[in-house]
Amino acid sequence: MNKFWFSKEYRKQGLGGKLLLQAEATAIKMGAKKALLTTYDFQARTFYEARGYLVVGEIKDYPPGSSYFTMVKQLV
């Protein structure tokens with residue numbers, strides 16, 4: 001499993017969106033048809049939804065008071 005995040009001083013600069021687009025483009029070149037990721041509702045769920053990812057799974061109250069999501073996006 002790979003984990004990745006930006007420190008607060010680098011957020012809100014468009015870096016995450018650019019990096020995600022580049023990762024998706026690389027995946028397409030390698031033949032991928034879908035992208036899959038996981039996140040928590042207190043992290044980046046809305047960031048990914050704004051970029052076309054859909055929630056396909058949810059573990060509620062994990063951690064307590066939150067949810068853990070599996071998200072997928074069609075790449076081609």
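Under 8 Å for C-alpha pairs, at least 6 residues apart: give me the relative contact order for the chain, rounded to a whole percent.
On the way: 77 pairs, mean separation 24.4, N = 76.
Relative contact order, the chain: 32 percent.
Can you compute the modelled spin-label distance between residue 37 and residue 21, with each label point 7 Å from Cα toward Cβ, in nm?
Here the modelled spin labels are 1.4 nm apart.
Round to a whole number: what % of the accessible area of the chain belongs to carbon and sulfur, probe 1.4 Å? Present the calculation step by step, with values, prior to reporting the outcome.
Values: 3430 of 6030 Å².
It is 57 percent, rounded to a whole number.
Once you put a point 7 Å from the Cα of residue 11 and another 7 Å from the Cα of residue 76, both along the Cβ direction, what distance in nm separates them?
3.5
Skip the ligands, DNA and RNA, and give the accessible area per residue of the chain with a 1.4 Å probe, whole Å².
On the way: 6030 Å² over 76 residues.
Per-residue value: 79 Å².
Short version: what are the Cα gyration tensor semi-axes of the chain, square root of 5 times each eigenvalue, largest first, in whole Å?
They are 22, 17, 10 Å, listed largest first.
For the chain, what does -39500 (n - 2.57) per DSSP helix run (n ≥ 4), summed and divided by total residues, give at 222 nm, in deg cm²/dmol to the nearest 500?
Dividing the helical sum by the residues of the chain leaves -7500 deg cm²/dmol.
For a protection proxy built on the mean count of beta-carbon atoms within 10 angstrom, sort 52-59, 2-9 highest first, please. Mind dumping the intermediate values first?
Numbers: 52-59: 13.8, 2-9: 7.5.
Final packing ranking: 52-59, 2-9.
Please enumerate, by chain and number, the lysines with C-alpha under 23 Å from the C-alpha of residue 73, excluding those fewer than 8 residues away in the same chain.
3, 12, 18, 29, 33, 34, 60
The values are calculated or read from the model by the stated rules, or taken from the named source; none is laboratory data. Here the structure is a predicted model, which means the values were calculated and not measured. Positions of Cβ are backbone-derived with ideal geometry, glycine not excepted, and every protein chain shown enters the neighbour counts. Areas reflect the complete protein model, heavy atoms only, side chains present, ligands, DNA and RNA absent. Shrake-Rupley method; radii C 1.70, N 1.55, O 1.52, S 1.80 Å.
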